[in-house]
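Input: a single structure, listed below in structure tokens.
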Amino acid sequence: MSELAMQMERYVKELELRGVSEHTVRAYAADLAQFLAFLSPPETEPPEPQAIDVLILREWLVGLYAQDLATVTIRRKLAAVRGLFGFLRREGLVQINVGRLVSTPKAPQRVPEVMTPGQANALVEGAGTEQPERPFPARDRAILELLYGCGVRVSELAGIDLGDIDRSERWLRVRGKGRKERQVPMPGKAAAALERYLSARPVARDQSALFLNHRNGRLTDRGIRDIVKFYATFLAGDPSIHPHSFRHAYATHLLADGADLRAIQELLGHARLSTTQKYTQVSLTNLMAVYDSAHPKA
């Protein structure tokens, strides 16, 4: 194994030990493997870490652009390489982080499409009913109620254990990015749906997960995504709706009803207020749409 490949493995291991989300670790590992492949043409060993310079990184970026990758994908791949060289610098294997010497591609500013309160409620309340028939209707309804009622990420929802629920005070303990814990209040409908699910949840010894799959194991992120996609397609005719769509709706609807931006930041578990502020843009866009359709001077 080359020195660079060995250091990449060490860096990915460090990410795991730091509690970085599994999704991010997998993505960075794949990105670094592709970077290593770029540096290792057939029958060629990759250069030593200290031999990789700005020109090499620029050539690599040109290749990424040539593949017509999305800007956000290129930004993530560059972040993975920057993280690697930051690790190498801390280890004393390189003098500078060359990833910092190349410009980050500018991502287009897009306002996310958000379900209206009526659309979100119709989708949530349609889940777990007699039509469509599903093997675990109470579980499915509780999942959608918590996604919209609590605004949690799909990874946070999949990671909730039975011991993380305060049923009397209606609080959830969730673990966000970087394993940071926060408390999230449960609204009445979400709490009621959760109680119905808990009364029907199979007894699974040695399994602490709140949501179970058909084998009584922990329901994964992908399993939750599939459940949401099923109901979104069947009930709303829109397979593009995903778990994060409910998080967008949660934040946008809170803001539209007068919730403080700082409070929304705490509820969502955002490290930076700037991340939460994108929902302000969504609300302004919706407001302008109402103005344009209703005001006589529009």
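The values are calculated or read from the model by the stated rules, or taken from the named source; none is laboratory data. Everything quoted here is computed from the prediction, not taken from an experiment. All Cβ positions, glycine included, derive from the backbone under ideal geometry; neighbour counts span all protein chains shown.
Does the stretch 165-189 hold any residues that are aliphatic (A, V, I, L, M) and within 21 Å of the chain's Cα centre (by Cα), and which are they?
Just the residues of the stretch 165-189 that are aliphatic (A, V, I, L, M), to begin with: 165, 172, 174, 184, 186.
Within the stretch 165-189, L172, V174, V184, M186 qualify.
From the list L57, L88, L84, L78, which residue is modelled with pLDDT of 95 or more, crowded, with 16+ Cβ neighbours inside 10 Å and over 21 Å from E3 (Cβ atoms)?
Matching residue, one of L57, L88, L84, L78: L78.
Can V20 be described as crowded, with 16+ Cβ neighbours inside 10 Å, modelled with pLDDT under 95 and not polar (S, T, N, Q)?
Numbers: crowded, with 16+ Cβ neighbours inside 10 Å: yes; modelled with pLDDT under 95: yes; not polar (S, T, N, Q): yes.
Criteria met by V20.
The rows are residues; the columns are (1) free of Cβ contacts under 8 Å to residues at least 40 places away in the same chain; (2) farther than 17 Å from P185 by Cα.
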| site | (1), (2) |
| --- | --- |
| H214 | no, yes |
| R218 | no, yes |
| R225 | no, yes |
| K229 | yes, yes |
| T233 | yes, yes |
| A256 | yes, yes |
| A259 | yes, no |
| Q265 | yes, no |
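Within the stretch 145-163, how many residues turn out to be in a helix (DSSP H, G or I), over 16 Å from the mean Cα position of the chain (by Cα) and either over 19 Å from N216 (Cα atoms) or among the charged types (D, E, K, R) (or both)? Quick ask: steps written out before the conclusion?
So the first thing to find is which residues in the stretch 145-163 are in a helix (DSSP H, G or I), and the list is 145-150, 154-158, 162-163.
Of the ones still in play, those that are also over 16 Å from the mean Cα position of the chain (by Cα) are 145, 149, 162-163.
Now narrow it down to the ones that are either over 19 Å from N216 (Cα atoms) or among the charged types (D, E, K, R) (or both): 145, 149.
Matching residues across the stretch 145-163 total 2.
So which residues in the stretch 167-186 are outside any helix (DSSP H, G or I) and loosely packed, with under 14 Cβ neighbours inside 10 Å?
R167, S168, E169, K180, E181, Q183
Out of the helices (runs of 4 or more DSSP H) lying entirely within the stretch 1-69, which hold 1 or more residues that are aliphatic (A, V, I, L, M) and touching a residue at least 60 places away in the same chain (Cβ under 8 Å)?
On the way: elements: 3-17, 22-39, 54-66.
Helices (runs of 4 or more DSSP H) meeting the threshold: 3-17.
Which residues, taken from the stretch 23-40, are over 22 Å from the mean Cα position of the chain (by Cα) and not small (G, A, S)?
Once the filter is applied, which keeps residues that are over 22 Å from the mean Cα position of the chain (by Cα) and not small (G, A, S), the stretch 23-40 yields Q34, F35, L36, F38, L39.
Return yes when A190 is of a type outside the set (F, W, Y), in contact (Cβ under 8 Å) with a residue 40 or more places away in the chain and in contact with a Leu (Cβ under 6 Å, 6 or more places away or on another chain) and no when it is not. Reasoning before the result, please.
Values: of a type outside the set (F, W, Y): yes; in contact (Cβ under 8 Å) with a residue 40 or more places away in the chain: yes; in contact with a Leu (Cβ under 6 Å, 6 or more places away or on another chain): yes.
It is true that A190 is of a type outside the set (F, W, Y), in contact (Cβ under 8 Å) with a residue 40 or more places away in the chain and in contact with a Leu (Cβ under 6 Å, 6 or more places away or on another chain).
Note down all Cβ pairs under 6 Å where the first residue falls in the stretch 118-138 and is among the charged types (D, E, K, R), the second is part of a helix (DSSP H, G or I) and surrounded by 15 or more Cβ atoms within 10 Å (Cβ to Cβ), and they're at least six residues apart or on different chains.
R134/D140
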